[in-house]
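Take a look at the structure set out below.
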Amino acid sequence: MAKLFRKILIANRGEIARRVIRACHELNIAAVAVYSEVDHHALHVLEADEAVAIGAAPPLESYLNMDAIIQAARATGCDAIHPGYGFLSENAEFARKCEKAGLVFIGPSPEAMELVGNKLRARQTVMQHGVPVTPGMASHTADLDAIQQFADNIGYPIMIKAAAGGGGKGMRIVHTPEELAHALEASQREARSAFGDDTVYLEKFIENPRHVEIQILADTHGHAVHLFERECSIQRRHQKIIEESPSPALDEPLRQQMGEAALKVIQAVGYTNAGTVEFLLDENKNFYFLEVNARIQVEHPVTEWITGVDLVKQQIRIASGEALPFQQQDLVQRGHAIECRIYAEDPENNFLPSIGKLLWVQEPVGPGIRVDSSIYSGMEVTHYYDPILSKVIVWDESRNSAINKMIDALKQYVILGVRTPIPFLIELLNHPKFRLGELNTHFIEEHFANWKLNLSPEEQAIAVMAAQQVQRLSRNTPTSTTQPSSNPWQTIGHWELFQD
Amino acid sequence: MKTTWLINHQPVNVQFNKQANNWQITVENHTITLQLASMGEHLMVVTIQDKPHPVHLVVDKETVWVFIHGKPIMVQKQEEETGAPIASAASAAESAIEAPMPGKILKMLVQEGEKVQAQQRLFILEAMKMENEVVAPQEGIVKKIYFQENDLVSLGQVIIELDYTT
């Protein structure tokens, strides 16, 4: 058996850094955190065995600063680096630099990363291996006439996408030939500024698709398994906010077909470690390859819960050279898991980030509730990083009971000081179409456009009453020198009123 | 007493009435009767028609953040047209000194008819083995005392009535 690492540097922050630190500790591996100036008191720093300051708050000076991170890893005697998600996780250059410095990058090879990182090349490769892709251009061209002709052939609406793209950047939907030239220019401009590469390509626009992805694990000995699907159709701004498994859209034969297609993709690109193959599923249950996410994903806990496999620990084991301890037939989907992402964002204002101080935080607990979080009362949410605060993941026997459990968990998730989508998510989970599993990637625009928080007269009364009471209590307590604070909520400990 | 509050930045007219241990609160045209209990620094229980609602809260300067049933609500008291905060006007009109927490009256420090100064100690309330002094918000005369030493009192019960007019 291959020997596991002794010490791993986690090149990330927030909840995913804490998640990886836990996995390290469970495997008796020391964990080294890195942090920017503003993250000095972050939980991942406090929980790691060692922590190294790597630069100022802007990501380019810290969490994207490859040399500083590699230097920190060498200085602390690490033998591997876990990149988490985002930041440097899908950066082939960083993986190469790690290799050169004698550090194992916990992820796929730089070659595989490069191949799947270019969406157009990935498309071409998987097509050659018989994996279905959306009808579209096999290569890129700057010739507007050729593009126009191609669009006419496959029929409108069409999608323009950036080859280097992700997160919806450079993406345009074109409904008529007249819009094409303008959309093409805009897409190229956006792609150039976002990825430094303005290569774009055309695809048939799939109406009302579902986003269904397959989790895979592949070791360096040629074994690969899929760990079933996650349905991630509930998105806002092209970003997922609710993920679940199993998908209400898949039956057993389709699940098997998609799993096999995902494994074909993995083999075609020579992928190792944990990864996700994303598909679009149309209304007639045809699926099309979308892209490969060459990293651990935000929504990985969903899969961990229904399979019982710890994906982060498997990533570490695979990177250290171990073979997968199970085969496809050993894996089963058990029960139903749902994840809700909790961002600091305002659901009443187009989900724009909401920064500020977290005044009071109380996280839900209970059987079947997992909270992957990095927040605490008094923490400052800054504008420097992705505004994800935490993820709530629940497991239960059936989809409906899991939805109920999630709603209860969210109702107990107190976050005051910044806006979060919690009240929005509660309503969404209760929507009859969501309950029925009738989902598509436009679900939020279709059913919740311009959503506003609705307060019943009762809730308004409770809120004002509670506020008035707090202010009144402050007035009736002394402000003399014997008691430093006039706020009884600060000076008085726990007290109850049930004796009458 | 009519006041204006901001609920998530929306102004609403609110009227409070205290009757024994019940509060009657009218928000715009809806009147709701409720009881209050405090469970600690950040938790209150509001009971409406025998159903208890947990209310999480935190105070940030002039804003009280409240969390009910998964909904965060920002509550602020609207300032009066004169520019003076309502808080001071309200305290001028109010003469009832209430128990700021449930507990036992440990010591009654004043008598009916006594003249008291602002910030003068009125009684000591023991809660969770801690003594808490309750003082007069402003100068006045003790009009009525409703409880004696060793009496158990609930949150918000009127202990003393002061007369500020003299």
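The values are calculated or read from the model by the stated rules, or taken from the named source; none is laboratory data. Treat the numbers as computed from the prediction; the structure is a model and nothing was measured. Quick reminder, even Gly has a Cβ in these numbers, built from the backbone with ideal geometry, and neighbours come from all protein chains shown.
Please indicate, with yes or no, whether at least one residue in the stretch A:83-101 is in a loop (DSSP other than H, G, I, E, B), of a type outside the set (Phe, Trp, Tyr) and either surrounded by fewer than 18 Cβ atoms within 10 Å (Cβ to Cβ) or over 25 Å from the mean Cα position of the chain (by Cα) (or both). Before you say what the answer is, go through the steps one by one.
So in the stretch A:83-101, the residues in a loop (DSSP other than H, G, I, E, B) come out as A:83-91, A:101.
Add one more test, that the residue is of a type outside the set (Phe, Trp, Tyr), and what stays is A:83-84, A:86, A:88-91, A:101.
Keeping just the survivors that are either surrounded by fewer than 18 Cβ atoms within 10 Å (Cβ to Cβ) or over 25 Å from the mean Cα position of the chain (by Cα) (or both) gives A:101.
Yes: one or more hits.
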**OP:** Please specify each residue of the stretch A:10-24 satisfying the condition of being in a helix (DSSP H, G or I) and among the β-branched types (Val, Ile, Thr).
**Re:** A:Ile16, A:Val20, A:Ile21
Original post:
Out of (1) under 19 Å from A:Lys411 (Cα atoms); (2) facing chain A (nearest Cβ under 7 Å); (3) of a type in the set (Ser, Thr, Tyr), the odd one out for B:Ser38 is which?
Top reply: (1)
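On the given criteria, is A:Tyr35 hydroxyl-bearing (Ser, Thr, Tyr), under 24 Å from A:Leu358 (Cα atoms), part of a loop (DSSP other than H, G, I, E, B) and not assigned by TED's automatic domain parsing to the domain that holds A:Gly270? Break it down into steps so the answer makes sense when it comes.
Details: hydroxyl-bearing (Ser, Thr, Tyr): yes; under 24 Å from A:Leu358 (Cα atoms): yes; part of a loop (DSSP other than H, G, I, E, B): no; not assigned by TED's automatic domain parsing to the domain that holds A:Gly270: yes.
Here the answer is no, as A:Tyr35 does not meet what is asked.
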**OP:** Report, by residue number, each residue of the stretch A:376-414 that is in contact with a Ser or Thr (Cβ under 8 Å, 6 or more places away or on another chain) and charged (D, E, K, R).
**Re:** A:Lys391
**OP:** Quickly run through the stretch B:144-165 and pick out the residues that are over 20 Å from B:Met101 (Cβ atoms) and surrounded by fewer than 16 Cβ atoms within 10 Å (Cβ to Cβ).
**Re:** B:Lys144, B:Asp163, B:Thr165
Subject >> Within the stretch A:147-182, considering residues that are exposed (fewer than 15 other Cβ atoms within 10 Å of the Cβ) and aliphatic (A, V, I, L, M), the one farthest from A:Met113 (Cα to Cα) >> reply: A:Ala181
Original post:
Going by the structure shown, is A:Ile158 at pLDDT 90 or above, within 26 Å of A:Tyr271 (Cβ to Cβ) and either over 24 Å from the mean Cα position of the chain (by Cα) or of a type in the set (Val, Ile, Thr) (or both)?
Top reply: no
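Using the structure shown, decide if A:Arg419 is crowded, with 17+ Cβ neighbours inside 10 Å, among the basic types (Lys, Arg) and within 11 Å of chain B (Cβ to nearest Cβ).
yes
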Original post:
(1) more than 30 Å from A:Asp143 (Cα to Cα); (2) outside any strand (DSSP E or B): which one isn't true of A:Thr276, the others all being true?
Top reply: (2)
Original post:
What do you reckon, is A:Lys161 in a loop (DSSP other than H, G, I, E, B), within 17 Å of A:Asn293 (Cβ to Cβ) and not assigned by TED's automatic domain parsing to the domain that holds A:Glu260?
Top reply: no
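Of all the residues that make up the stretch B:1-22, how many are without any contact (Cβ under 8 Å) to a residue 24 or more places away in the chain and at the interface with chain A (Cβ under 7 Å from one of its Cβ atoms)?
Initial filter on the stretch B:1-22 (without any contact (Cβ under 8 Å) to a residue 24 or more places away in the chain): B:2, B:10, B:12-17, B:19-20, B:22.
Imposing the further condition that a residue be at the interface with chain A (Cβ under 7 Å from one of its Cβ atoms) reduces the set to B:12, B:14, B:16.
Of the residues in that region, 3 qualify.
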Original post:
Among A:Asp219, A:Asp198, which is the only one that is modelled with pLDDT under 95 and either closer than 15 Å to A:Ile158 by Cα or surrounded by fewer than 23 Cβ atoms within 10 Å (Cβ to Cβ) (or both)?
Top reply: A:Asp198
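Okay, residues lined up against (1) under 17 Å from the mean Cα position of the chain (by Cα); (2) free of Cβ contacts under 8 Å to residues at least 12 places away in the same chain; (3) within 30 Å of B:Asp60 (Cβ to Cβ):
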| position | (1), (2), (3) |
| --- | --- |
| A:Asn286 | no, no, no |
| A:Arg295 | yes, no, no |
| A:Asp310 | yes, no, no |
| A:Ser320 | no, no, no |
| A:Ile342 | yes, no, yes |
| A:Ser354 | no, no, yes |
Original post:
Would the stretch A:244-261 turn up any residue that is in a strand (DSSP E or B), touching a Pro at 6+ places or on another chain (Cβ under 9 Å) and not assigned by TED's automatic domain parsing to the domain that holds A:Phe150?
Top reply: no
Original post:
Any chance the stretch A:358-376 includes a residue that's under 17 Å from A:Gly14 (Cβ atoms), in contact with a Leu (Cβ under 6 Å, 6 or more places away or on another chain) and either touching a residue at least 60 places away in the same chain (Cβ under 8 Å) or crowded, with 16+ Cβ neighbours inside 10 Å (or both)?
Top reply: yes
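Does A:Leu439 fit the bill of being within 7 Å of another protein chain (Cβ to nearest Cβ), touching a residue at least 24 places away in the same chain (Cβ under 8 Å) and either under 30 Å from B:Gln15 (Cα atoms) or under 20 Å from the mean Cα position of the chain (by Cα) (or both)? First the steps, then the outcome.
Numbers: within 7 Å of another protein chain (Cβ to nearest Cβ): no; touching a residue at least 24 places away in the same chain (Cβ under 8 Å): yes; either under 30 Å from B:Gln15 (Cα atoms) or under 20 Å from the mean Cα position of the chain (by Cα) (or both): yes.
Spelling it out, it is not the case that A:Leu439 is within 7 Å of another protein chain (Cβ to nearest Cβ), touching a residue at least 24 places away in the same chain (Cβ under 8 Å) and either under 30 Å from B:Gln15 (Cα atoms) or under 20 Å from the mean Cα position of the chain (by Cα) (or both).
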**OP:** Inspect all residues belonging to the stretch B:25-32 and state whether any of them is within 7 Å of another protein chain (Cβ to nearest Cβ), among the acidic types (Asp, Glu) and outside any strand (DSSP E or B).
**Re:** no
**OP:** Please identify the pairs in which a residue from the stretch A:457-472 that is more than 7 Å from chain B (Cβ to nearest Cβ) has its Cβ atom under 8 Å from the Cβ atom of a residue that is of a type in the set (D, E, K, R), counting only partners at least 6 apart or on another chain.
**Re:** A:Arg472/B:Glu98
Original post:
Here is a list of conditions, (1) surrounded by 18 or more Cβ atoms within 10 Å (Cβ to Cβ); (2) in contact (Cβ under 8 Å) with a residue 24 or more places away in the chain; (3) under 17 Å from A:Arg472 (Cα atoms), and B:Ala127 meets all of them except one; can you say which number that is?
Top reply: (3)
**OP:** Report the residue count in the stretch B:42-76 for those that are in a strand (DSSP E or B) and more than 7 Å from every other protein chain (Cβ to nearest Cβ).
**Re:** 9
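Quick check: is even one residue across the stretch A:207-221 touching a residue at least 60 places away in the same chain (Cβ under 8 Å) and within 13 Å of the chain's Cα centre (by Cα)? Steps first, answer last, please.
We begin by selecting, within the stretch A:207-221, every residue touching a residue at least 60 places away in the same chain (Cβ under 8 Å); these are A:207-221.
Those left that are additionally within 13 Å of the chain's Cα centre (by Cα): A:213.
There is at least one residue in the stretch A:207-221 that is touching a residue at least 60 places away in the same chain (Cβ under 8 Å) and within 13 Å of the chain's Cα centre (by Cα).
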